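Trainee: Got a structure for you, questions after.
The values are calculated or read from the model by the stated rules, or taken from the named source; none is laboratory data. Quick caveat, the model's predicted, so the values are computed rather than measured. Here the Cβ positions follow ideal geometry from the backbone for every residue, glycine too, while neighbour counts run over all protein chains shown.
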Amino acid sequence: MGNRSNDILNKPDWCFNRSVFKSVGFSDDDLKRPVIGIANSWNELVPGHANLRQVAEHVRKGIYRAGGTVAEFGVIGACDGTAQGHAGMHYILPSRDLIANDIEVMVEAHRLDGIVLLGSCDKIVPGMLMAAARLKIPAIFLAGGPMLGGVTFDNRKSDLTTMSEALGMLKSDKISGESYEQLEELCGPTCGSCAFYGTANTMCCMAEALGMSLPGAALVPAVYADRLRLAENTGKAIVSLVTSQVTADKVITYQSLENAIRVLMATGGSTNAVLHLSAIAAELGIEAETMMAAYDRLSQSTPQIAKVNPASQYDMEDFHQAGGIPKVMQEIQQLLNKDSITVTGKTVEQNLADYKFKYPFNLNVISTLDKPFGTQKGLAILRGNLAPDTAVTKPAAIDPAMHVFTGSAKVFDSEETAEAAILNGGITAGDVVVIRYEGPKGGPGMREMYKAMKYLYGMGLAKKTALITDGRFSGTNNGCFVGHISPEAAEGGPLAAVENGDKITIDITKGLLELHLSDEEISIRLEKWQRPEPKFTRGYLGIYSKLASSAAKGAVIEL
């Protein structure tokens with residue numbers, strides 16, 4: 001198969017296009033080579049992306065050395081952290097689909113032969129992987145790497161999210177204002193994706209588990225020189241993929257998605273990965289129910305063998321030095337689809353056999369299959385009369401004593417009102433905080449209830465209360481929480497029927513989320529329910545709120 005770029009660069013019929021390329025500075029020699037795009041989400045607003053300009057330079061070096069021509073372009077990349085707790089969070093999940101569309105437009109308009117995807121953070125990584133699956137051209141993903149941990153605070157290394165926990169402590173007079181301000185300076189000492197195992201690092205690990213990144217690429221810290229060597233090798237690898245025509249849809253398959261789910265469960269990754277893997281699968285035509293069944297089935301037989309912040313005091317640098325994703329995959333190798341092809345051109349089994357570890361193993365971070373940290377599921381799918389389709393929780397981040405919890409509902413129709421109630425002492429032990437109308441359509445954009453959970457933790461309520469929502473959670477949240485409740489309240493799901501004082505049971509051991517009302521009483525309440533007016537009717541959020549699918553389907557734009 002010839003290069004796609006030849007379709008628009010052959011002489012003499014396409015000399016106009018050649019002149020366009022030459023006006024940018026390309027030469028005849030450049031235009032004889034495969035044209036490789038670099039989709040670079042570098043910007044100065046997001047710490048996880050601040051080093052991508054330097055990373056891209058080393059990718060370029062690898063592409064040129066391997067005989068390719070580089071065509072770099074920019075991609076948006078908004079920060080989940082900066083958007084937390086205000087209207088900006090409405091845009092974050094919808095940006096994932098926008099990123100996929102953005103890359104599709106650039107690749108197809110310019111008939112690129114292959115693409116290197118550079119990103120690090122929560123929605124950028126899955127958006128890029130969705131684009132790769134959709135485009136079916138040779139593609140490879142490279143993250144910018146995690147930042148290093150901050151100053152010790154509350155008996156562990158701090159990170160950017162420690163600030164939210166510290167605010168709860170400040171409000172309850174557990175720390176001084178001076179300590180709080182000092183933490184602001186010292187909790188994020190370098191660039192890179194956040195130093196905990198949240199959604200950003202989870203999705204970088206998912207990219208590696210899918211076979212879309214070079215082995216070991218997910219967790220090398222942003223400031224390590226190894227990150228730049230990985231970048232050059234990534235540039236060389238994409239040229240090889242173009243030459244051999246190993247396209248992304250040969251790498252991202254149902255079998256490799258199963259591998260990613262196994263790694264997700266084994267590492268106790270972010271609940272948001274359920275949304276994003278389902279969205280990637282949708283690009284391949286894999287049904288949502290097939291994916292939900294896979295999460296259920298694979299969670300039953302995948303013990304947790306890695307324990308990283310927020311599940312322990314160990315951060316991403318510790319995870320990397322303990323062996324990272326290659327070590328995790330080696331330990332659970334018997335559970336994997338080992339013949340899945342990867343961007344090295346080799347199978348998972350071959351990659352694991354060839355991989356050379358640089359640091360001594362740390363069994364406190366990555367254990368073994370026969371001595372796991374726990375047999376509880378890394379993630380769990382719940383169903384019940386409050387979640388007829390599905391809901392998602394993270395047993396690995398929940399105290400075992402809270403795996404069965406019954407409490408009284410305190411109902412809020414927005415994230416902001418719930419946060420205010422928590423900070424003002426309106427939540428007490430035994431409450432189930434219900435935050436609704438925050439789903440894909442109702443939010444819109446499925447905002448994260450990150451601050452609400454952090455405030456509960458900081459005020460000492462994380463092991464005495466629960467929080468349920470049709471919105472999402474940050475991968476760094478801990479405490480008893482259930483998100484992604486489907487159908488969402490704005491679509492008339494049972495969550496819309498909950499009233500203050502209703503009893504709610506969360507039973508992770510049985511996979512249940514139950515409202516203590518009969519089906520008849522729920523139906524009577526819903527008959528009186530009125531659909532709220534959409535919060536946005538114009539702009540991108542207006543489009544997303546009209547077209548977003550349910551969380552059970554990945555919250556993708558659905559035509």
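Trainee: Tally the residues that are surrounded by 19 or more Cβ atoms within 10 Å (Cβ to Cβ) and under 30 Å from Lys377 (Cα atoms), restricting the search to region 223-257.
Mentor: Number of matching residues: 6.
Trainee: Among the residues of region 5-52, count how many are assigned to a helix (DSSP H, G or I) and of a type in the set (Phe, Trp, Tyr). Break it down stepwise before answering.
Mentor: First, the residues of region 5-52 that are assigned to a helix (DSSP H, G or I): 6-9, 15-24, 28-32, 47-49, 52.
Add one more test, that the residue is of a type in the set (Phe, Trp, Tyr), and what stays is 16, 21.
Residues flagged as assigned to a helix (DSSP H, G or I) and of a type in the set (Phe, Trp, Tyr) within region 5-52 amount to 2.
Trainee: Moving on to the next point. Among the listed residues Leu117, Leu129, Leu112, which satisfies the condition of being in a loop (DSSP other than H, G, I, E, B), of a type outside the set (Lys, Arg) and over 30 Å from Thr417 (Cα atoms)? Explain how you work it out, then say what you get.
Mentor: Details: Leu117 fails: in a loop (DSSP other than H, G, I, E, B); Leu129 fails: in a loop (DSSP other than H, G, I, E, B).
Just one listed residue meets the conditions, Leu112.
Trainee: So, one more: Name the strands (runs of 3 or more DSSP E) wholly inside region 379-459 in which the number of residues that are touching an Asp or Glu at 6+ places or on another chain (Cβ under 6 Å) and under 30 Å from Arg297 (Cα atoms) is 2 or more.
Mentor: Here the list reads 380-384, 404-412.
Trainee: Kindly indicate whether any position in region 42-49 is assigned by TED's automatic domain parsing to the domain that holds Glu232, surrounded by 14 or more Cβ atoms within 10 Å (Cβ to Cβ) and among the charged types (D, E, K, R). Full working, then the answer.
Mentor: Going residue by residue through region 42-49, those that are assigned by TED's automatic domain parsing to the domain that holds Glu232 are 42-49.
Restricting the remaining residues to those that are surrounded by 14 or more Cβ atoms within 10 Å (Cβ to Cβ) gives 42-43, 46-49.
Still in the list and also among the charged types (D, E, K, R): none.
The answer is no; no qualifying residue exists.
Trainee: Determine whether Ser5 is surrounded by fewer than 17 Cβ atoms within 10 Å (Cβ to Cβ), of a type outside the set (A, V, I, L, M) and over 28 Å from the mean Cα position of the chain (by Cα).
Mentor: Values: surrounded by fewer than 17 Cβ atoms within 10 Å (Cβ to Cβ): no; of a type outside the set (A, V, I, L, M): yes; over 28 Å from the mean Cα position of the chain (by Cα): yes.
No.
Trainee: For Met291, all conditions in the list (1) touching a strand residue (DSSP E or B) at 6+ places or on another chain (Cβ under 6 Å); (2) surrounded by 24 or more Cβ atoms within 10 Å (Cβ to Cβ) hold save one; what is the number of the exception?
Mentor: Looking at each condition in turn, Met291 falls short on (1).
Trainee: Only residues that are small (Gly, Ala, Ser) and closer than 30 Å to Ile543 by Cα: list them for region 416-463, please.
Mentor: Taking region 416-463 as the starting set, the residues that turn out to be small (Gly, Ala, Ser) are 418, 420-421, 425-426, 429-430, 439, 442-443, 445, 452, 458, 460, 462.
Once the filter is applied, which keeps residues that are small (Gly, Ala, Ser) and closer than 30 Å to Ile543 by Cα, region 416-463 yields Ala418, Ala420, Gly439, Gly442, Gly443, Gly445, Ala452.
Trainee: Quick one: in region 309-331, which of the residues that are at negative phi and among the small types (Gly, Ala, Ser) is nearest to the chain's Cα centre (by Cα)?
Mentor: Let us first name the residues in region 309-331 that are at negative phi, namely 309-322, 325-331.
From the residues that got through so far, the ones that are among the small types (Gly, Ala, Ser) too are 311-312, 322.
Working: Ala311: 17, Ser312: 19, Ala322: 22 Å.
Step by step, filter region 309-331, then rank; the result is Ala311.
Trainee: Let me ask something else. Within region 325-357, which residues are in contact with a strand residue (DSSP E or B) (Cβ under 8 Å, 6 or more places away or on another chain) and small (Gly, Ala, Ser)?
Mentor: Matches in region 325-357: Ser340 only.
Trainee: Given the criterion under 28 Å from Glu558 (Cβ atoms) and polar (S, T, N, Q), identify the matching residue among Ser408, Ser414. Lay out the reasoning, then the answer.
Mentor: On the way: Ser408 fails: under 28 Å from Glu558 (Cβ atoms).
Residue meeting the stated conditions: Ser414.
Trainee: Exactly one condition in (1) touching a strand residue (DSSP E or B) at 6+ places or on another chain (Cβ under 7 Å); (2) without any contact (Cβ under 8 Å) to a residue 40 or more places away in the chain is false for Arg297; which is it?
Mentor: Every condition holds for Arg297 apart from (1).
Trainee: How many residues, within region 382-401, are modelled with pLDDT of 95 or more, among the aliphatic types (A, V, I, L, M) and surrounded by fewer than 24 Cβ atoms within 10 Å (Cβ to Cβ)?
Mentor: Of the residues in that region, 1 qualify.
Trainee: Another one. Out of all the residues in region 419-478, which are of a type in the set (Lys, Arg) and more than 18 Å from Ile506 (Cα to Cα)?
Mentor: Of all residues in region 419-478, those of a type in the set (Lys, Arg) come to 436, 441, 447, 451, 454, 463-464, 472.
Within region 419-478, Lys441, Arg447, Lys451, Lys454 qualify.
Trainee: Considering each residue of region 476-520, count those that are in a loop (DSSP other than H, G, I, E, B), in contact with a strand residue (DSSP E or B) (Cβ under 9 Å, 6 or more places away or on another chain) and within 17 Å of Lys451 (Cβ to Cβ), and give that number. Outline the logic, then answer.
Mentor: Kept after step one, since they are in a loop (DSSP other than H, G, I, E, B), are these residues of region 476-520: 476-479, 487-488, 492-493, 498-502, 508-511, 516-518.
From what's left, in contact with a strand residue (DSSP E or B) (Cβ under 9 Å, 6 or more places away or on another chain): 477, 479, 487, 493, 498-502, 508-511, 516-517.
Next cut, within 17 Å of Lys451 (Cβ to Cβ) only: 477, 479.
Of the residues in region 476-520, 2 are in a loop (DSSP other than H, G, I, E, B), in contact with a strand residue (DSSP E or B) (Cβ under 9 Å, 6 or more places away or on another chain) and within 17 Å of Lys451 (Cβ to Cβ).
Trainee: Within region 161-212, count every residue that is of a type in the set (A, V, I, L, M), within 23 Å of Ala222 (Cβ to Cβ) and either in contact with a helix residue (DSSP H, G or I) (Cβ under 6 Å, 6 or more places away or on another chain) or at pLDDT 95 or above (or both).
Mentor: Quick first cut of region 161-212, residues of a type in the set (A, V, I, L, M) only: 163, 166-167, 169-170, 175, 183, 186, 195, 200, 203, 206-207, 209-210, 212.
Filter once more, keeping what is within 23 Å of Ala222 (Cβ to Cβ): 163, 183, 186, 195, 200, 203, 206-207, 209-210, 212.
Imposing the further condition that a residue be either in contact with a helix residue (DSSP H, G or I) (Cβ under 6 Å, 6 or more places away or on another chain) or at pLDDT 95 or above (or both) reduces the set to 183, 186, 195, 200, 203, 206-207, 209-210, 212.
The total comes to 10.
Trainee: Is it the case that Ser523 is in contact (Cβ under 8 Å) with a residue 40 or more places away in the chain and either under 15 Å from Gly442 (Cβ atoms) or out of contact with any helix residue (DSSP H, G or I) (no Cβ under 7 Å at 6 or more places or on another chain) (or both)? Show your work before the answer.
Mentor: Numbers: in contact (Cβ under 8 Å) with a residue 40 or more places away in the chain: no; either under 15 Å from Gly442 (Cβ atoms) or out of contact with any helix residue (DSSP H, G or I) (no Cβ under 7 Å at 6 or more places or on another chain) (or both): yes.
No; evaluated as a whole, the condition is false for this residue.
Trainee: How about region 57-68: which of its residues are buried (at least 19 other Cβ atoms within 10 Å of the Cβ) and over 17 Å from Leu118 (Cα atoms)?
Mentor: Answer for region 57-68, where residues must be buried (at least 19 other Cβ atoms within 10 Å of the Cβ) and over 17 Å from Leu118 (Cα atoms): Ala66, Gly68.
Trainee: What residue, among those in region 324-338 that are in contact with a helix residue (DSSP H, G or I) (Cβ under 7 Å, 6 or more places away or on another chain) and without any contact (Cβ under 8 Å) to a residue 40 or more places away in the chain, is farthest from Gln255 (Cα to Cα)? I'd like the intermediate steps shown before the answer.
Mentor: To start, the set of residues in region 324-338 that are in contact with a helix residue (DSSP H, G or I) (Cβ under 7 Å, 6 or more places away or on another chain) comprises 325-326, 328-330, 332-333, 335-338.
With the extra rule that they be without any contact (Cβ under 8 Å) to a residue 40 or more places away in the chain, the set shrinks to 330, 333, 338.
Working: Gln330: 17, Gln333: 14, Lys338: 9 Å.
The selected residue is Gln330.
Trainee: Among all residue pairs at least 6 apart or on different chains, which show Cβ distances below 8 Å where the first residue, located in region 66-85, is at positive phi and the second is outside any strand (DSSP E or B)?
Mentor: Between residues of region 66-85 that are at positive phi and residues that are outside any strand (DSSP E or B), the close pairs are Gly67/Arg33; Gly67/Pro34; Gly67/Val239; Gly85/Glu415; Gly85/Glu416; Gly85/Glu419; Gly85/Tyr450; Gly85/Lys451.
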